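The structure appears below as structure tokens.
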Amino acid sequence: MWSTQVGQDYLVNLASPPLLEQVMRQEGKYPTRDKMELWKEHRIQQGVAYGPFTTEGHEWYQLRQALNQRMLKPAEAALYTDVLNEVIDDFLVRLEQLRISSASGTQVTDIAHQLYNFALEAICYILFEKRVGCLGQSIPQDTTTFIQSVQQMFRYSVYTTFLPKWTRSVLPFWKWYMEGWNNIFDFGKMLIDQKIKETTAKLQASGPDGVQISGYLHFLLSSDLLSPVEAIGSFPELILAGVDTTSNTLTWALYHLSKDPELQAALHKEVVGVVPAGQKPQHKDFARMPLLKAVFKETLRLYPVVPINSRIITEKDIEVGGFFCPKNTHFVFCHYVVSRDESVFPEPNNFQPQRWLKDSHSKKPGVLHAFGSLPFGYGVRSCLGRRLAELEMQLVLSRLIQQYKIVLAPETGEVKEMSRIVMVPSKKVSLHLLQRQP
């Protein structure tokens, strides 16, 4: 526990699971994650409503309660299994096209890029009931612009965070950062406008009883849980949250599996023992795949998508680690540091999914503290799409393992992590996908 000063702000940094637990268990009804000043500045300048990452207090609580519908519970996420399997079908076709067209007949270069396209296709299909063309050989221009704009926004947010405001009229970074956000919101607004137009046309044609409320956005708008203005403010943030999380985590998981043939063989045995090759896994199947779940827990321990998070306790004074902390204290949670602390996780830099499996004697996982790894956060402000992300990743990895033996391309070499606000691989990860025999 130590303090630092950034500008006029004093931050209390925490890198201990017990201290993180103390703060999180006292965060109150309306926990504040961060001021998100740059994100808010864009929303204010463009006249866009705040979304789930930028709204605070009671307004955030009401918005979050609405967005929780059809998303938060495992049984609700399970409703999207068939939708996800449909997108995965197309993703596997795309991978097969790429690998057989490669010089070796087996290689897919930059698997993270392919997984990003898959994740964007999947989240848009779930949110809007619309395919946006990410998995075709030719991607539509508006979808390509969105993908490039997300990268642009994250890239230049690093500069805009640390450079003083007077540089905005001199250096181009602020302009490029805002352009990225504008394109992101233009993409979200286009999809929302299309869905509203489609829904209105169906209502006029058949009346309310003839319209099936199935998609997420359709459900929220038709149930008056969300207004179109709130949707335009919220859904671009939901798209962002639903893409980087799954694509990067899957990339890291495949990278480590490609380096450990014994682990990969054990995972293949587990998967096909529950769902034989050629069959599509369902939500209920994953209860019998503890190693598959452990692979993702270990991946997220080593590579938390958000390596640093925060809380501002606004409602009361609290005590943390024996120190008095007045309300409005800004705590920084050093998740990456905690998850690689050898006092919390023995051999912390080694990829060992087995540490998450239940011991045959104690019946408890070999993890020393429950707050040592919190990739989806904790409490009422935890990740809205956690259950959906878990289901999506489990479906993709199980189907890849069913079909292919995964081998790291030698030219890839050692891959390190780097922070681009979210944690990403430092280089492209290329894999050989070797077709398994029936």
Which condition from (1) more than 19 Å from Met393 (Cα to Cα); (2) in a loop (DSSP other than H, G, I, E, B) is the one that Gln279 breaks? (1)
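Looking at Tyr10, Tyr50, can you tell me which residue is surrounded by 16 or more Cβ atoms within 10 Å (Cβ to Cβ) and either more than 21 Å from the chain's Cα centre (by Cα) or not basic (Lys, Arg) (or both)?
Values: Tyr10 fails: surrounded by 16 or more Cβ atoms within 10 Å (Cβ to Cβ).
Answer to the selection: Tyr50.
Residue-wise test of (1) under 18 Å from His369 (Cβ atoms); (2) in contact (Cβ under 8 Å) with a residue 60 or more places away in the chain; (3) touching a Gly at 6+ places or on another chain (Cβ under 7 Å).
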| site | (1), (2), (3) |
| --- | --- |
| Gly7 | no, no, no |
| Ala15 | yes, yes, no |
| Glu21 | yes, yes, no |
| Tyr50 | no, yes, yes |
Give the residues of the range 188-233 that are of a type in the set (S, T, N, Q), touching a helix residue (DSSP H, G or I) at 6+ places or on another chain (Cβ under 9 Å), at pLDDT below 85 and more than 19 Å from Ala66 (Cβ to Cβ), sorted by residue number. Gln212
Is one or more of the residues making up the range 99-112 among the polar types (S, T, N, Q) and in contact with a helix residue (DSSP H, G or I) (Cβ under 7 Å, 6 or more places away or on another chain)? yes
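Somewhere in the range 26-36, is a residue without any contact (Cβ under 8 Å) to a residue 40 or more places away in the chain, over 19 Å from Leu374 (Cβ atoms) and surrounded by fewer than 20 Cβ atoms within 10 Å (Cβ to Cβ)? Outline the logic, then answer.
Within the range 26-36, the subset without any contact (Cβ under 8 Å) to a residue 40 or more places away in the chain is 36.
Now drop any that are not over 19 Å from Leu374 (Cβ atoms), which leaves 36.
Imposing the further condition that a residue be surrounded by fewer than 20 Cβ atoms within 10 Å (Cβ to Cβ) reduces the set to 36.
Checked the range 26-36: at least one residue is without any contact (Cβ under 8 Å) to a residue 40 or more places away in the chain, over 19 Å from Leu374 (Cβ atoms) and surrounded by fewer than 20 Cβ atoms within 10 Å (Cβ to Cβ).
In this structure, does Val272 turn out to be touching a His at 6+ places or on another chain (Cβ under 9 Å), outside any loop (DSSP other than H, G, I, E, B) and modelled with pLDDT of 95 or more? Write out each step before concluding.
On the way: touching a His at 6+ places or on another chain (Cβ under 9 Å): no; outside any loop (DSSP other than H, G, I, E, B): yes; modelled with pLDDT of 95 or more: yes.
Considered against the rule, which asks whether it is touching a His at 6+ places or on another chain (Cβ under 9 Å), outside any loop (DSSP other than H, G, I, E, B) and modelled with pLDDT of 95 or more, Val272 comes out as no.
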Kindly list the number of the only condition in (1) basic (Lys, Arg); (2) modelled with pLDDT of 90 or more; (3) under 18 Å from the mean Cα position of the chain (by Cα) that fails for Arg43. (3)
Return only the number of the condition from (1) out of contact with any helix residue (DSSP H, G or I) (no Cβ under 6 Å at 6 or more places or on another chain); (2) among the aliphatic types (A, V, I, L, M); (3) assigned to a helix (DSSP H, G or I) that Ala122 does not satisfy. (1)
Just checking: which of the helices (runs of 4 or more DSSP H) contained wholly in the range 135-245 hold 3 or more residues that are of a type in the set (Phe, Trp, Tyr) and surrounded by 15 or more Cβ atoms within 10 Å (Cβ to Cβ)? 141-162, 173-206
Do the conditions hold for Ser398, that is, is it touching a Lys or Arg at 6+ places or on another chain (Cβ under 6 Å), of a type in the set (Gly, Ala, Ser) and under 25 Å from Asp260 (Cα atoms)? no
Among the candidates Tyr50, Tyr10, residue that is modelled with pLDDT of 95 or more and of a type in the set (Phe, Trp, Tyr): Tyr50
If we ask which residues in the range 288-307 are free of Cβ contacts under 8 Å to residues at least 60 places away in the same chain and surrounded by fewer than 20 Cβ atoms within 10 Å (Cβ to Cβ), their number turns out to be 1
Single condition Lys327 does not satisfy, out of (1) among the basic types (Lys, Arg); (2) more than 30 Å from Leu395 (Cβ to Cβ); (3) surrounded by 19 or more Cβ atoms within 10 Å (Cβ to Cβ): (3)
Selected residue [touching a Leu at 6+ places or on another chain (Cβ under 8 Å) and either modelled with pLDDT under 95 or surrounded by fewer than 17 Cβ atoms within 10 Å (Cβ to Cβ) (or both)] from Ser360, Ser343: Ser343
Quick one: in the range 414-425, which of the residues that are assigned to a loop (DSSP other than H, G, I, E, B) and surrounded by 13 or more Cβ atoms within 10 Å (Cβ to Cβ) is modelled with the highest pLDDT? Val415
If you check every pair at least six apart or on different chains, which have Cβ atoms under 8 Å apart with a residue in the range 331-346 that is more than 14 Å from Leu19 (Cβ to Cβ) first and a residue that is among the hydrophobic types (A, V, I, L, M, F, W, C) and not in a loop (DSSP other than H, G, I, E, B) second? Tyr336/Met423; Ser339/Leu302; Arg340/Leu302
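Find the strands (runs of 3 or more DSSP E) located wholly in the range 300-413 whose residues include 3 or more that are in contact with a strand residue (DSSP E or B) (Cβ under 9 Å, 6 or more places away or on another chain) and hydrophobic (A, V, I, L, M, F, W, C), and list them.
Details: elements: 309-313, 318-320, 323-325, 329-333, 404-408.
Answer list for the range 300-413: 323-325, 329-333, 404-408.
The values are calculated or read from the model by the stated rules, or taken from the named source; none is laboratory data. Source: prediction; values computed, not measured. Heads up, the Cβs are rebuilt from the backbone with ideal geometry, glycines too, and the neighbour counts pull from every protein chain shown.
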